[in-house]
1. Can you find a residue that is within 19 Å of the chain's Cα centre (by Cα) and not in a helix (DSSP H, G or I) anywhere in the range B:227-250?
2. Please find, among B:347, B:327, B:318, B:323, the residue that is within 9 Å of chain A (Cβ to nearest Cβ) and either surrounded by 19 or more Cβ atoms within 10 Å (Cβ to Cβ) or assigned to a helix (DSSP H, G or I) (or both).
3. Taking interchain pairs and intrachain pairs at least six residues apart, which have beta carbon atoms under 7 angstrom, with the first residue in the range B:205-223 and touching a residue at least 60 places away in the same chain (Cβ under 8 Å) and under 18 Å from residue B:274 (Cβ atoms) and the second not in a helix (DSSP H, G or I) and not basic (Lys, Arg)?
4. Can you find a residue in the range A:96-103 that is out of contact with any His (no Cβ under 7 Å at 6 or more places or on another chain) and either free of Cβ contacts under 8 Å to residues at least 12 places away in the same chain or more than 9 Å from chain B (Cβ to nearest Cβ) (or both)?
5. Quick one: in the range A:228-245, which of the residues that are in contact with a Gly (Cβ under 8 Å, 6 or more places away or on another chain) and in a loop (DSSP other than H, G, I, E, B) is modelled with the highest pLDDT?
6. Of everything in the range A:117-142 that's surrounded by 15 or more Cβ atoms within 10 Å (Cβ to Cβ) and touching a Ser or Thr at 6+ places or on another chain (Cβ under 8 Å), which residue is nearest to the other protein chains (Cβ to nearest Cβ)?
7. Which of the residues that make up the range B:48-86 are surrounded by fewer than 24 Cβ atoms within 10 Å (Cβ to Cβ), in contact with a helix residue (DSSP H, G or I) (Cβ under 7 Å, 6 or more places away or on another chain) and of a type in the set (S, T, N, Q)?
8. Could you say which residue among A:73, A:28 is buried (at least 24 other Cβ atoms within 10 Å of the Cβ), within 13 Å of chain B (Cβ to nearest Cβ) and in a helix (DSSP H, G or I)?
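The values are calculated or read from the model by the stated rules, or taken from the named source; none is laboratory data. Small disclaimer: the values here were computed from a predicted structure and weren't measured. Neighbour counts run over all protein chains shown; Cβ positions are idealised from the backbone, glycine included.
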Amino acid sequence: MELLNTVLLTVSITLMYSSPLIFTSLGGVITQRAGVDNIGLEGMMAFGACGAAVVGYFTANPWTGLLVGALFGGFLAFLHAFISVTAKGNQIISGIAINFIGLGVGIFITRRLFNGAAQSSTVPNGIPKVMDLLGLDKTESRLLQSAEFDVTVIFGFLFAFLIWFILYKTKTGLRVRACGEHPGAADTLGVNVTLIRYICTTLSGVMAGLGGGITALSIAYRFTPTVISGQGFIALAAVIFGNWKPIGATLACLLFGFAQALTVILGGVPWMPSEILKMLPYVLTLLVLMVFVERSTPPRALGQPYFKGQS
Amino acid sequence: MRKLIVKALKKPFTAVVFALIVGFILGAVALAVGGYDPVRAYNYLFTGVFSSTNRMMQVLVDAVPIIFTGLAVAFAGKTGLFNIGADGQFILGQITGAVIGYYVPMPPVLHPVFILLCAFTIGGVYAGLASWLKNRFGIHEVISTIMLNWIAYYFMIFIVNMKSVKVPGSQHSPEILSSAKINFFSREFRSTEEGMSFVDKYPLLKPFVQTDAGYAIILMIGVSVLLWVILKYTRLGYELRAVGYNRFAAEFAAMPVKRNAILSMFISGGVSATGGALLVMSTSYYITMLGASEGYGWDGIAVALIAGNHPIGCIFAGLLYAGLKFGGLEIQSRMRAPTEIIKIMIGVLVLFIALAPALPRLAERLDRKE
């Protein structure tokens, strides 16, 4: 019984931590498949978390909050798309700048609205749990309490499937991938490279904003300057580890979520310092990349601006 | 006139000036939207830095660690490597400074030198690890160094939180021995009778006595020049830059590309860690349990980008950055306007530096119209 409880708890915590990562890394897959690198995911997550927490606090509606979070992330990503696609600037530097701006503006807004405090107040309603929606009574059973998870987890998996379907089973998906592999060839065949790259890059921000919003509304229940601490970059690592495939990236995120869950579950073990445990997800990322990275191939035109007429 | 504009647009420096102006304008917009008077805010920003020699010296003191991380990122950048891991290496430098500074008693001059050597080596190896991971496993240094940053951060918390290290009733490690401190004048000296009369006697030296100014400043200038000379006038520097320009050409010219990449990251990491150790030895004196990394490495990335990866440029970019940060605090304390406005300004500045490659193209387009 105790063992089953621990297992269920591990699973639900894994799902809780991986769902923001799944959304964000799916965003990463979309934009990188279209050939635009985006290391600003971290800042977009932070900005999305701010929007979601602030609106979630004032409207008491997590869904409105999440929507605004997505818009916030999308806005930053649109900026990134302009710099990367239209201005053909440096995508890495732009991403760094967005990490500064996303967090900076996020804290600025929070300080303005919450009396100078760098963190928002706790939101009245977080993202609903699955069993609450189903109307299950879980007050009696400890197992049900342990197995609880947020609805957004399901959405994450649905999105992963949807994006896989679009990328690999539709004409649009083929065009997106063509933009990332050989934009010149795609252009010759009448694909609007600029438009596709704009849409995909902006979508990546929307997804990162959702990811940040989920972190704020289902894990932290507020925005703090450290609510997003490296998840954007872990999601980026998941994209590579998942070989730029939606399903692969999702599985990678589950692994990282599991590492996070272990730090929580093992947190009670007295001989294990919690700081060492907290290194675990990062060490694991490195180890996993050491094994898998050679087998993954990035989109060929990743990170390179496309000049019309180039071969 | 048009010719002048075209010519100016082709210079990299124009992008920086342009970025700076736009940064200030958008910062003003953000302030105005937030309901703060931008003119007053910028006034505080300016007077916050320039109203006294003490303040200006404080900016220089604050700039030292940022310049070091900036130099680290810039040096790796010249080799075509992006050292996002400067933050983690800096933290390891801080740990080295705090641990050796307290636990290994040594004579005064030797103590700081020993700390710096250790910090340089440890930071260098840590950064070299990222380079090795890239050579051996093909893991991009942008990903690996970010992971290493977090590992270093939690390692610092781990060290501070150890029962034998943490000062009871506090959140930090014990203060380093005075033999490891490298200020020109000790902090105690400031408030003694002797110190006060000294300031009265030599008013010009006031900022040196009343701030944490120390030998770190001299070392900072020395290291900047040294890195510049290495890059510009030595064979090693030539090879490193060659790899940065065109990895394959360098390989074809029989340069040891992989070895040089590790060496470049080693130096870069060492420089960053040196900055961390200097911060502990001249300002903080101990390491603290923090909720998040202080972000010196990220500041350094912005500095290197503003400086266009030029070591001497890093000094000025670092001063600019530290000045903005210091003046930003003044805005916050006087107007209760969020100091994050500085972060936003820096972000906008960097954003426009990302746009820099567009400027020469814009110039060409203008040229063609003529």
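1. Among the residues of the range B:227-250, not one is within 19 Å of the chain's Cα centre (by Cα) and not in a helix (DSSP H, G or I), which makes the answer no.
2. Among B:347, B:327, B:318, B:323, only B:347 is within 9 Å of chain A (Cβ to nearest Cβ) and either surrounded by 19 or more Cβ atoms within 10 Å (Cβ to Cβ) or assigned to a helix (DSSP H, G or I) (or both).
3. If the second residue must be not in a helix (DSSP H, G or I) and not basic (Lys, Arg), the pairs left are B:212/B:183; B:213/B:183; B:213/B:184; B:214/B:182; B:214/B:183; B:214/B:184; B:215/B:182; B:216/B:182.
4. no
5. A:228
6. The extreme case among them is A:118.
7. Matches in the range B:48-86: B:53, B:54, B:58.
8. Sole residue among the options that is buried (at least 24 other Cβ atoms within 10 Å of the Cβ), within 13 Å of chain B (Cβ to nearest Cβ) and in a helix (DSSP H, G or I): A:28.
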